[in-house]
Amino acid sequence: MTKPLDESIYDQLVSIRRYLHANPELSGKEYETVEYVKNTLADKFPPSFFVEGLGGTGLAATYDSGKDGPTLLFRAELDALPIEEVNNFDYQSNRSGVSHKCGHDGHMTILIGLAAWLTQNPPVKGKVVLLFQPAEENGSGAVSVLEDEDFEGIDPDCVYAFHNLPGHPKGSIIVKEGPFTSAVNSLLLTFRGKTSHAGEPQSGVNPALVMAKVIAYADEMNQFDRGRKDFCILTPVYATLGEKAYGVSAGYGELHFTLRTRNEDTMSEKEDKLLSEIYRLANDSDLKLEVDYTDRFYGNSNDQEAVDHIKEVAKAKGYDLIELDDPLPFGEDFGAFTQQFSGAMFCIGSGENTPALHNPDYDFPEELIDYGVQMFSGLTQFYTHTND
Ligand SMILES: [Zn+2]
Ligand SMILES: [Zn+2]
């Protein structure tokens with residue numbers, strides 16, 4: 001049997017969480033955050049070794065038994081958001097216009113809590129890797145870590161991550177086999193036509209009508225029912241056309257959408273359908289079309305065995321277990337990991353009346369630190385903490 005975490009460590013974890021909260025950094029620029037995490041681990045709960053600079057600012061701390069066995073990876077995110085904090089507690093963000101509004105400060109703290117637990121309960125076989133990943137909020141961090149050649153040496157057998165989830169009972173464990181978060185992609189369309197005199201639009205090429213048709217076509221493709229396999233939400237998020245010059249018929253326009261589906265296959269299918277219509281409309285109107293993508297989040301695909309382990313731990317700890325019928329509508333870039341490795345993502349309820357994620361008054365509920373450490377340490381028993 002493994003020991004639970006000492007009570008005194010929770011006070012340290014709360015101070016760590018508040019320090020991280022007060023010192024947020026944006027995606028890809030988490031230099032001081034990762035330095036603080038590394039120093040804290042090295043001082044208090046030293047791993048066997050670190051791998052630094054993964055996908056930019058990423059850090060992996062490995063607790064190695066020195067014996068053969070599986071490599072188990074847990075992930076937390078380093079980044080904050082470009083949102084001005086409105087809370088005025090004594091650990092409020094000290095950087096104007098930047099704050100931890102997704103709870104990544106809490107997620108990092110939980111991984112540090114797991115490091116504390118691993119220091120008291122070292123793995124008996126294989127290794128446990130704690131990955132502090134950059135740039136989750138723009139969807140680029142997971143992919144850059146996976147593409148980093150230093151990550152090849154880690155090669156995990158199983159990967160886990162969690163996200164806190166407001167609107168659900170505090171400490172409830174929310175999980176689902178198969179697709180768990182949506183596949184999300186952002187599509188940037190640029191239409192180049194030809195300006196003309198506003199009194200003679202017919203002698204130029206104005207993209208307005210094609211853009212309107214594209215918006216209407218995308219709207220017809222929407223299937224808001226998340227229970228359906230063809231679930232698909234296409235949201236126009238940005239548009240621009242011409243100039244505020246009243247003698248000129250517009251010759252240039254941009255239209256940006258986000259696309260959400262249940263899984264990667266449906267994403268490709270819907271993208272193909274939408275794009276072939278857009279190309280057809282643009283060609284028929286002599287518009288030059290440029291297509292670009294950004295903020296791609298691969299859908300999380302939860303492995304059955306990993307989900308069973310999450311359910312077992314939650315039941316053994318006496319936590320409420322909520323099994324979802326449909327995937328969550330948001331994207332989470334941990335999907336890039338579960339597309340490649342077996343594993344699963346789950347959520348821990350942040351309380352029914354907690355402000356929503358990305359809202360300016362949100363703050364990570366510190367009671368979740370214990371739930372997170374208990375869940376993650378519980379999961380190790382299936383991999384690195386049993387001699388079976
Ligand atoms: Zn977020
Ligand atoms: Zn997040």
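The values are calculated or read from the model by the stated rules, or taken from the named source; none is laboratory data. Just so it is clear, the structure is predicted and the values come from calculations on it, not from any experiment. All Cβ positions, even for glycine, are placed from backbone atoms using ideal geometry, and neighbour counts span all protein chains on display.
Quick check on my filter: what residues within the range 91-133 are among the hydrophobic types (A, V, I, L, M, F, W, C) and outside any helix (DSSP H, G or I)?
Initially, the range 91-133 is screened for residues among the hydrophobic types (A, V, I, L, M, F, W, C), giving 98, 102, 108, 110-112, 114-118, 124, 128-132.
Across the range 91-133, the qualifying residues are VAL98, CYS102, VAL124, VAL128, VAL129, LEU130, LEU131, PHE132.
Does GLU352 satisfy being at pLDDT 95 or above, among the charged types (D, E, K, R) and more than 16 Å from ligand 1 (Cβ to nearest atom)?
Values: at pLDDT 95 or above: yes; among the charged types (D, E, K, R): yes; more than 16 Å from ligand 1 (Cβ to nearest atom): yes.
Considered against the rule, which asks whether it is at pLDDT 95 or above, among the charged types (D, E, K, R) and more than 16 Å from ligand 1 (Cβ to nearest atom), GLU352 comes out as yes.
Given the condition free of Cβ contacts under 8 Å to residues at least 12 places away in the same chain, over 30 Å from ASP79 (Cβ atoms) and not assigned by TED's automatic domain parsing to the domain that holds SER350, answer yes or no: does some residue in the range 301-316 qualify?
The answer is no, given that none of the residues of the range 301-316 is free of Cβ contacts under 8 Å to residues at least 12 places away in the same chain, over 30 Å from ASP79 (Cβ atoms) and not assigned by TED's automatic domain parsing to the domain that holds SER350.
Just need a number here: residues in the range 138-167 that are within 16 Å of ligand 1 (Cβ to nearest atom) and modelled with pLDDT of 95 or more. Lay out the reasoning, then the answer.
First, the residues of the range 138-167 that are within 16 Å of ligand 1 (Cβ to nearest atom): 138-142, 161-167.
Now drop any that are not modelled with pLDDT of 95 or more, which leaves 141-142, 161-167.
Residues that pass the stated criteria total 9.
Taking into account only those residues within the range 251-273 that are farther than 16 Å from LYS213 by Cα and in contact with an Asp or Glu (Cβ under 9 Å, 6 or more places away or on another chain), which is surrounded by the most Cβ atoms within 10 Å (Cβ to Cβ)?
Residues of the range 251-273 that are farther than 16 Å from LYS213 by Cα, as a first pass: 251, 258-272.
Filter once more, keeping what is in contact with an Asp or Glu (Cβ under 9 Å, 6 or more places away or on another chain): 258-259, 261-262, 266, 269-270.
Working: THR258: 18, LEU259: 23, THR261: 26, ARG262: 23, THR266: 22, GLU269: 14, LYS270: 23.
Looking at the filtered set, the residue picked out is THR261.
Is it fair to say PRO365 is within 16 Å of ligand 2 (Cβ to nearest atom) and farther than 18 Å from GLU136 by Cβ?
On the way: within 16 Å of ligand 2 (Cβ to nearest atom): yes; farther than 18 Å from GLU136 by Cβ: yes.
So PRO365 passes the test.
Any residue in the range 133-153 that's free of Cβ contacts under 8 Å to residues at least 40 places away in the same chain and under 13 Å from CYS102 (Cβ atoms): show its pairings with residues that are assigned to a loop (DSSP other than H, G, I, E, B) and within 12 Å of ligand 1 (Cβ to nearest atom) at Cβ separation under 8 Å, as long as the two are six or more apart or on different chains.
Listed by first residue and then by second, the contacts come to nothing, as the list is empty.
Yes or no: the range 267-285 includes at least one residue that is assigned by TED's automatic domain parsing to the domain that holds THR190, part of a helix (DSSP H, G or I) and touching a Lys or Arg at 6+ places or on another chain (Cβ under 6 Å).
Taking the range 267-285 first, the residues assigned by TED's automatic domain parsing to the domain that holds THR190 are 267-285.
Still in the running and part of a helix (DSSP H, G or I): 267-284.
With touching a Lys or Arg at 6+ places or on another chain (Cβ under 6 Å) added as a condition, the list becomes 281.
Yes, that holds for at least one residue.
Could you tell me whether the range 296-319 includes any residue that is in a helix (DSSP H, G or I), touching an Asp or Glu at 6+ places or on another chain (Cβ under 6 Å), within 25 Å of LEU368 (Cβ to Cβ) and modelled with pLDDT of 95 or more? Don't jump to the end; show me each part of the working.
Keep residues of the range 296-319 that are in a helix (DSSP H, G or I), which gives 304-317.
Now narrow it down to the ones that are touching an Asp or Glu at 6+ places or on another chain (Cβ under 6 Å): 304, 307.
Filter once more, keeping what is within 25 Å of LEU368 (Cβ to Cβ): 307.
Those still in the list that are modelled with pLDDT of 95 or more too: 307.
Checked against the condition, which is being in a helix (DSSP H, G or I), touching an Asp or Glu at 6+ places or on another chain (Cβ under 6 Å), within 25 Å of LEU368 (Cβ to Cβ) and modelled with pLDDT of 95 or more, the range 296-319 yields at least one hit.
Mind checking which pairs have a first residue in the range 97-126 that is of a type in the set (Asp, Glu) and a second that is more than 12 Å from ligand 1 (Cβ to nearest atom), Cβ under 6 Å, 6 or more apart or different chains?
Filtered contacts from the range 97-126: ASP105/ARG17; ASP105/LEU20; ASP105/HIS21.
Return the only residue of SER186, SER144, SER140 being over 21 Å from GLY53 (Cα atoms), small (Gly, Ala, Ser), surrounded by 16 or more Cβ atoms within 10 Å (Cβ to Cβ) and under 26 Å from the mean Cα position of the chain (by Cα).
On the way: SER144 fails: over 21 Å from GLY53 (Cα atoms); SER140 fails: over 21 Å from GLY53 (Cα atoms).
The match here is SER186.
Which is buried (at least 20 other Cβ atoms within 10 Å of the Cβ), within 13 Å of ligand 1 (Cβ to nearest atom) and at pLDDT 95 or above, of GLY106, GLY126?
On the way: GLY126 fails: within 13 Å of ligand 1 (Cβ to nearest atom).
Among GLY106, GLY126, only GLY106 is buried (at least 20 other Cβ atoms within 10 Å of the Cβ), within 13 Å of ligand 1 (Cβ to nearest atom) and at pLDDT 95 or above.
Can you tell me which of ASP219, ASP230, ASP225 is outside any loop (DSSP other than H, G, I, E, B) and outside the structural domain of LYS311 (by TED's automatic domain parsing)? Outline the logic, then answer.
Details: ASP230 fails: outside any loop (DSSP other than H, G, I, E, B); ASP225 fails: outside any loop (DSSP other than H, G, I, E, B).
Being outside any loop (DSSP other than H, G, I, E, B) and outside the structural domain of LYS311 (by TED's automatic domain parsing) holds for just one of ASP219, ASP230, ASP225, which is ASP219.
Would you pick out the residues in the range 367-388 that are under 23 Å from ASN23 (Cβ atoms) and exposed (fewer than 15 other Cβ atoms within 10 Å of the Cβ)?
GLU367
Restricting attention to the range 94-103, which residues are within 16 Å of ligand 2 (Cβ to nearest atom) and surrounded by fewer than 24 Cβ atoms within 10 Å (Cβ to Cβ)?
Initially, the range 94-103 is screened for residues within 16 Å of ligand 2 (Cβ to nearest atom), giving 98-103.
Correct list: VAL98, CYS102.
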